[in-house]
Amino acid sequence: MYYELHGSGPAVAVIPGMGTDTRLFSPIAMTLAERHQVLVFDPRGAGRSDKPDVPYSAEEMADDTAGLFDVVGMQAPTVVGYSMGGRIALTLALRHPTRVRGLLLASTSARTPPVRLFSRRWFMMDVLGRVRLPRSIDPQPRYAQQRQREAFRTFDCSDRLAQIRVPTTVIHGRDDHVTPYPLALELQRGIPDARLVTVDGGHFALITKQRRRLIEAAEGLAG
């Protein structure tokens, strides 16, 4: 697994979303690293991490994360999970509850919504997701993204959310058509005492125009 470790202070781990890697989340990680020790890494199948052409699972990717904590000496960081990274973070908190100090769940959900033909989610996931971009822009092979997607196609931990007992903030774009906003409400209502932060914009707003809100939410949890 490829990872970067920056800064010092309270520990924060950043888990990117499907098809993305440390490059997209570097500005967030570097800002957080001004006051925190920040781990950001490429999940299995992305960036400079290994991309085996075998089935992946949410449980394996959560275990990858816990193993990486051991490698870098992080006991229980605040975990920032974006989209697919949020589902990895949820699985991590359920499988390894002592390894998570807090959760920031960004543009994510406890279950994967169905893809309805000709919906905006269908267009983004099944149409735009198949467009081949230059390797300098998108180095992830198509098979690896498909392996990531298959790992979460039937993901659903909604009936276990009450087991999560760490401080949690759910942050979500009001106009998110990839992970619709009602799924953020399900997350916030299912996790005891979870806080909900709503921002303007869609699925990628929190890594573009609303990046500062994501950073502030992470800092508020991590201390």
**Message:** Just to be sure before I move on: is S49 outside any helix (DSSP H, G or I), at pLDDT 95 or above and over 26 Å from Q145 (Cα atoms) in the structure I sent?
**Reply:** no
**Request:** Please name all residue pairs, on different chains or six or more residues apart, with Cβ atoms under 9 Å, provided the first residue is in segment 105-117 and is surrounded by fewer than 18 Cβ atoms within 10 Å (Cβ to Cβ) and at pLDDT below 80 and the second residue is of a type in the set (A, V, I, L, M, F, W, C) and not in a loop (DSSP other than H, G, I, E, B).
**Result:** P113/L183; V115/W122; V115/M125; R116/W122
**Request:** Output the residues belonging to segment 15-40 that are in a loop (DSSP other than H, G, I, E, B), of a type in the set (A, V, I, L, M, F, W, C) and under 16 Å from L214 (Cα atoms).
**Result:** A33
**Message:** Checking the structure you have, find out if any residue of segment 201-221 is surrounded by fewer than 20 Cβ atoms within 10 Å (Cβ to Cβ), farther than 25 Å from H96 by Cα and in contact with a Pro (Cβ under 9 Å, 6 or more places away or on another chain).
**Reply:** yes
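Yes/no per residue for (1) hydroxyl-bearing (S, T, Y); (2) closer than 20 Å to E216 by Cβ; (3) in contact (Cβ under 8 Å) with a residue 12 or more places away in the chain; (4) touching a strand residue (DSSP E or B) at 6+ places or on another chain (Cβ under 9 Å):
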{"position": "E4", "(1), (2), (3), (4)": "no, no, yes, yes"}
{"position": "G7", "(1), (2), (3), (4)": "no, yes, yes, yes"}
{"position": "T20", "(1), (2), (3), (4)": "yes, no, yes, yes"}
{"position": "A29", "(1), (2), (3), (4)": "no, yes, yes, yes"}
{"position": "D42", "(1), (2), (3), (4)": "no, no, yes, yes"}
{"position": "A46", "(1), (2), (3), (4)": "no, no, yes, no"}
{"position": "P55", "(1), (2), (3), (4)": "no, no, yes, no"}
**Asked** Of the residues that sit in segment 55-102 and are β-branched (V, I, T) and assigned to a helix (DSSP H, G or I), which one is nearest to P16 (Cα to Cα)?
**Response** I88
**Prompt:** Given (1) among the charged types (D, E, K, R); (2) surrounded by fewer than 17 Cβ atoms within 10 Å (Cβ to Cβ); (3) in a loop (DSSP other than H, G, I, E, B), where does D176 come up short, assuming only one miss?
**Reply:** (2)
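The values are calculated or read from the model by the stated rules, or taken from the named source; none is laboratory data. Given the structure is predicted, the values throughout are model-derived calculations rather than measurements. In this analysis, Cβ positions are derived from the backbone assuming ideal geometry, glycine residues included, and neighbour counts consider all displayed protein chains.
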